[in-house]
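All remarks here apply to the structure that follows.
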Amino acid sequence: MTDLRRIAHTATAVATAALLLLVAGGHGALAAEPEPERIAIIGTGNVGSALGERWAAAGHAVTWGTRRPDDEDIAALVARAGHGASAQPLADAVADAGVVVLAIPWKAVDEVLDKLGELAGRIVVDPINATRFADGRVTLAHPALAEHIASRVPDARVVKALNTTVAEHMRAPPDTHPVTVPLAGDDPAAVARVTRLITDLGLVAQPVGPLYNARHVEAMGILYIDVNLMHEDIPGFEYRLEPVD
Ligand SMILES: NC(=O)c1ccc[n+]([C@@H]2O[C@H](COP(=O)([O-])OP(=O)(O)OC[C@H]3O[C@@H](n4cnc5c(N)ncnc54)[C@H](OP(=O)(O)O)[C@@H]3O)[C@@H](O)[C@H]2O)c1
């Protein structure tokens, strides 16, 4: 088995263990519910609102980190989400979070990380597409954004995920076909926990190896945007990856 496959298999095994904590007893086996996550979602736009509303409904503790916690539209978002969700200024939002999702434009990454401060031990999910639109084309504006983020928060566990589908499908996945979400990260336990969150959205998680591969997942995001948004003559698509032995 290659190293890459071993990492993916390890992540899948840890995910399975986390999801199905079997308590064996004399009368059979009981599946224990995994603990809800404490999730800080930075950004309240298309992606941040969709993820937060879905995860709150799935039982996770959601706090949005926003520059505008007192604005009316943020209050409406919090009310819509219910389930104890809240909105806080950026640094306050991450105070108790185990998972921090950066649902922000790529150009805001450094500024936001400066404001968030210490993220040691947290899982940082990067769903960002670093896009440059010019001359009717979209191209990658950064060669390896997730690795850049990891270099800025060296004691956090960065996972690249959710940049290869559209926010509408995070809010409501299509009922006609499964949508695969490739995710890349160096920490198998972090990949397993993000796998569970992706599953809670009704999407199909496919670990694709270490964070080094995030740059390839980022290129997949650009291909997705290019085909789906920039060409009327090419049929749109969603990623559907099938694991093989
Ligand atoms: N839209 C999609 O379908 C989609 C799909 C996959 C991935 N993505 C990626 O996900 C990210 C978010 O996309 P989106 O469509 O949700 O964008 P969006 O609707 O423009 O929302 C971005 C949010 O980021 C926050 N923000 C912006 N500048 C900021 C700054 N300087 N400091 C702090 N917060 C800032 C804002 O939240 P507040 O005003 O509340 O602070 C804003 O609502 C992007 O990187 C995009 O490439 C998007």
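A few notes on this one:
Residues are listed down the side, and each one gets a yes or a no for (1) of a type in the set (A, V, I, L, M); (2) assigned to a helix (DSSP H, G or I):
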{"site": "Glu147", "(1), (2)": "no, yes"}
{"site": "Glu168", "(1), (2)": "no, yes"}
{"site": "Asp175", "(1), (2)": "no, no"}
{"site": "Ala205", "(1), (2)": "yes, no"}
{"site": "Arg240", "(1), (2)": "no, no"}
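- Counted residues, segment 87-138 - those being touching a helix residue (DSSP H, G or I) at 6+ places or on another chain (Cβ under 6 Å), within 14 Å of Thr66 (Cα to Cα) and not hydrophobic (A, V, I, L, M, F, W, C): 1
- Any hit, segment 198-218, residues being at positive phi and modelled with pLDDT of 95 or more: yes
- Pairs where the first residue, in segment 25-44, is part of a strand (DSSP E or B) and the second is modelled with pLDDT under 75, C-beta under 6 Å, 6+ apart: Ala29/Leu22; Leu30/Val23; Ala31/Leu20; Ala32/Leu21; Ala32/Val23
- Search result, residues across segment 122-139 that are crowded, with 24+ Cβ neighbours inside 10 Å, part of a strand (DSSP E or B) and within 11 Å of the ligand (Cβ to nearest atom): Val125, Asp126
- Residue satisfying all of: in segment 53-90; away from the ligand (no atom under 11 Å from the Cβ), part of a helix (DSSP H, G or I) and touching a residue at least 24 places away in the same chain (Cβ under 8 Å); farthest from Ala192 (Cα to Cα) among these: Arg80
The values are calculated or read from the model by the stated rules, or taken from the named source; none is laboratory data. Everything numeric in this text was worked out from a predicted model, so none of it was measured. Here the Cβ is made from the backbone with ideal geometry for all residues, glycine too, and neighbour counts use every protein chain on show.
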